[in-house]
C-alpha cells in the first residue's frame, strides 16, 4: 500500500519538486503583490486589466522558475548517477559509504537548487 501511495504522490507532485515555494517563487510573489497594490489606484476597468496583466506576468515568471529548478535538479541527478556508477567498482562498506555520500551530495545540491 505504501508503494502505491508513493507512486501516486510522485506522479502528482513530480517527486516533490514543487512541494514548497523556492526563493524564485517567493520573489515573484512579492513582485506580483506590489504590482497588484499599484493597480488598486487605477479606475475600475483599468484596475481589472492591470491585475490580469500582473497575474499573467506572475504565472510566466513561475513557469521560468519551475524550468530552472528542474534543470538544476536534473544536473544534480546526473552528477549522482555518475558518482553511483563510480561506486560500483568498490566493495562492502566502502561501496555503501560511497553510495551514501553520493545521496547526501544530491540532497545538498537539490536544496541549493531551491534557494536560487
Item to check | Single residue of 61, 38, 71 found to be assigned to a helix (DSSP H, G or I), free of Cβ contacts under 8 Å to residues at least 60 places away in the same chain and touching a helix residue (DSSP H, G or I) at 6+ places or on another chain (Cβ under 7 Å) | outcome: 61
Item to check | Positions within the stretch 42-51 being modelled with pLDDT of 90 or more and out of contact with any helix residue (DSSP H, G or I) (no Cβ under 6 Å at 6 or more places or on another chain), in sequence order | outcome: 43, 46, 48, 49
Checklist entry - So is residue 46 surrounded by 12 or more Cβ atoms within 10 Å (Cβ to Cβ), without any contact (Cβ under 8 Å) to a residue 24 or more places away in the chain and part of a helix (DSSP H, G or I) or not? => result no
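Take the stretch 7-35 and flag every residue that is at pLDDT 60 or above, in contact with a helix residue (DSSP H, G or I) (Cβ under 7 Å, 6 or more places away or on another chain) and not in a helix (DSSP H, G or I).
22
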Checklist entry - Yes or no: residue 66 out of contact with any helix residue (DSSP H, G or I) (no Cβ under 8 Å at 6 or more places or on another chain), in a helix (DSSP H, G or I) and either at pLDDT 95 or above or over 23 Å from residue 112 (Cα atoms) (or both)? => result no
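The values are calculated or read from the model by the stated rules, or taken from the named source; none is laboratory data. Just so we're clear, the structure is a prediction, and the values are computed from it rather than from any experiment. Quick reminder, even Gly has a Cβ in these numbers, built from the backbone with ideal geometry, and neighbours come from all protein chains shown.
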